[in-house]
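Take a look at the structure below.
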Amino acid sequence: MKVLKFGGTSVGNPDRIKHVARLVMEEPENVVVLSAMSGTTNTLVEISEYLYKNNIPGAQETINHLEAKYKAVIAELLETQAAREEASASIARTMALLRAYCSERFSPEAEKEILAQGELMSTALMVALLREQGYKPALLPALDYMKTLENGEPDMQHIGATLRRMIDLEPQADIFITQGYICRNNRGGIDNLKRGGSDYTASIIGAVLNADEIQIWTDIDGMHNNDPRYVEGTRPVHHLHFEEAAELAYFGAKILHPSCVLPAKLHNIPVRLLNTMEPHATGTLIYNSAPDGTIKAIAAKDNITAIKIKSGRMLLAYGFLHKVFETFENHRTSIDMMATSEVGVSVTVDDDSRLAAIVDDLKHFGTVSVDKDMVIICIVGDLEWHNCGFEARALNALADIPVRMISYGGSNYNISVLIRKEDKIKALQALSEHLFQ
Ligand code: ADP
Ligand code: ASP
Ligand code: MG
């Protein structure tokens, strides 16, 4: 069994939904994970923002637009009365729920329920379409099995046992359809796996079902060697090691959700990145082996804050780093990158919500300075330290750009450099020119 995940653009309009239906039925009996139609989750975020601000007319107008859009989709996607009624009932449930929140007190729990509606609607459309076409799709409601623990991690045992039971109850099904992104938290409330989280859903399902392969179908032919949104002439990388893919996803390659690689890696399940619009393109295979001795790709992570703590007493003072790390731990803020010297340490964080309190606490241990609006550029490949010259080539490419921090040797797979936001595009382009041309 394989797990196939289709992202928002892959199901972004009626033609694309029909195309996905054809693709998944070419090789039936797999599990298909769907995102919301592109734009829908953003619209649901917008509705929630209006409701938080108690702007009821704003929310109502946006709900009306969303409803009109889905009514038009149903009219174009489905032909039979039965299929249209089935899909319309699901869309009507969502619209009623959204409208009910226009007259209730709004809360974070209500927001989570609203954000879940996109995937509930896209899967309802797909099931109605497949049924209309004479197939026997079984809907596996994610809210019935996808559960997270108190620490936010997926409850793999519960998910595996429940999902297997649900699948066994549908022996006649020729395809299984489920929602990406949405889940229940440890209190039983509706929750989600963070934006872009449908990739993570697919990987969790692949892991618990011990799938033959996890396929992430999107709008590009695999992981490119640089960010195609900023650099022209990027090319797909056909093979990546799990570790390389994890670094790229974590450091900004939007094609993969940062948490998506781990479950697949732990269960040794290959992940294939494929293009829905070009199904025969090779794409990228992520597995536990990949070509050695090459630089594979570059990614960038925005909105990074660098914090430097300088202490005259760091010299020979054991325990200094411990105190610094403990401060970040106390504020539940994780560190991405670090560089140390005899007189100080620099670290970066991407979550600056606790920054003021962190800086306040760090001032007990030294002089603290902060640089905001920084970007981590991550160069990924087989960069094991015996492979000479890669770090020199990467840094040569950045010769004209001020570099605030460099980190190399933390793993065999990456070199990270911290630069200013305004230098990001120039840095990505220069790296492509020096490393791939
Ligand atoms: P989906 O909606 O299918 O989940 P995403 O928008 O989340 O799709 O991810 C696909 C997008 O990721 C591509 O359209 C591309 O713009 C962006 N992207 C960023 N970095 C890379 C990269 N290194 N390789 C491929 N795509 C990338
Ligand atoms: N629909 C969700 C989002 O837009 C999840 C996903 O697409 O992966 O973030
Ligand atoms: Mg995505």
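Using the Cβ of Thr340 as centre and a radius below 13 Å, the other residues enclosed give a net charge of +1, where K and R count +1 and D and E count -1.
Distances between placed amide hydrogens fall under 5 Å for His224 paired with Val237, all partners being 5 or more residues away or on another chain. Each part gets one Cα centre, and for the range 102-137 versus the range 354-396 those centres are 41 Å apart.
Taking amide H as placed 1.01 Å from N in the peptide plane, the amide H of Val32 sits under 5 Å from that of Leu4, Phe176, Ile177, Thr178, each at least 5 places away or on another chain. According to the Kirkwood relation over distinct C-alpha pairs, the hydrodynamic radius of the range 331-437 is 15.3 Å.
Modelled spin labels at Asp352 and Lys194, positioned 7 Å past Cα toward Cβ, are 1.8 nm from each other.
So, counting K/R as plus one and D/E as minus one, what does the shell of residues with Cβ under 13 Å around Glu104 add up to? My count for the surroundings of Glu104 gives -1. For the range 73-112, the set of trypsin sites (Lys or Arg not before Pro) satisfying both a DSSP loop assignment and a count of at most 14 other C-beta atoms within 10 Å is given as Arg105. Phi-derived couplings, Karplus 6.51 cos²θ - 1.76 cosθ + 1.60 at θ = phi - 60°, listed residue by residue for the range 283-291: x, 10, 9, 9, 8, 8, 9, 7, x Hz, with x used for Gly and Pro. Checked against a 20 Å cut-off, the cross-linked pairs Lys254/Lys424; Lys147/Lys194; Lys5/Lys254; Lys2/Lys69; Lys69/Lys136 give Cα-Cα distances beyond that limit for Lys2/Lys69; Lys69/Lys136.
For the pair Asp168 and Ala100, label points projected 7 Å from Cα toward Cβ lie 3.4 nm apart. Applying 1/(1 + (r/R0)^6) with R0 = 56 Å to the Cβ-Cβ distance of Gln60 and Ala392 gives a FRET efficiency near 0.40. Looking at the range 135-202, the chymotrypsin sites (Phe, Trp or Tyr not before Pro) that sit in a DSSP loop and have at most 16 other Cβ atoms within 10 Å of their own Cβ are Tyr135. Here the gap between Lys136 and Tyr230, fully extended at 0.36 nm per residue and compared with their Cα-Cα distance, gives a gain of 29.5 nm. Rg over Rh for the range 69-141 works out to 1.04, using Cα positions for both radii and the Kirkwood form for Rh.
How high is the FRET efficiency from Glu278 to Arg187, r the C-beta distance, R0 35 Å, rounded to 0.05?
0.25
Across the range 157-168, rounded Karplus estimates of 3J(HN,Hα) from the backbone phi angles (6.51 cos²θ - 1.76 cosθ + 1.60, θ = phi - 60°) give 5, 4, 4, x, 5, 5, 5, 4, 4, 5, 5, 4 Hz, Gly and Pro being marked x.
Entry note, the chain: relative contact order of 13 percent, from Cα contacts under 8 Å with a spacing of 6+ residues. Loop-only GluC sites (Glu not before Pro) in the range 148-253, please: DSSP not H, G, I, E or B, and at most 13 other Cβ atoms within 10 Å. When the GluC sites (Glu not before Pro) of the range 148-253 are filtered for loop state and at most 13 Cβ neighbours within 10 Å, Glu150, Glu232 remain.
Once you've got the Cα coordinates, tell me which of Lys308/Lys363; Lys310/Lys421; Lys323/Lys363; Lys310/Lys363; Lys310/Lys372; Lys301/Lys426 are over 21 Å apart. Listed pairs above 21 Å: Lys310/Lys421. Near Ser369, once Lys and Arg are set to +1 and Asp and Glu to -1 for all other residues with Cβ below 12 Å from its Cβ, the sum equals +4.
Counted over the chain with a bin width of 20 Å, the fraction of Cα pairs per bin, in whole percents, is 23, 52, 23, 2.
Read the figures in this text as sums done on the coordinates, not as results from a lab. The structure displayed is predicted, hence computed values, not measured ones. Note that we place each Cβ from the backbone using ideal geometry, even for glycine, and neighbour counts take in every protein chain shown.
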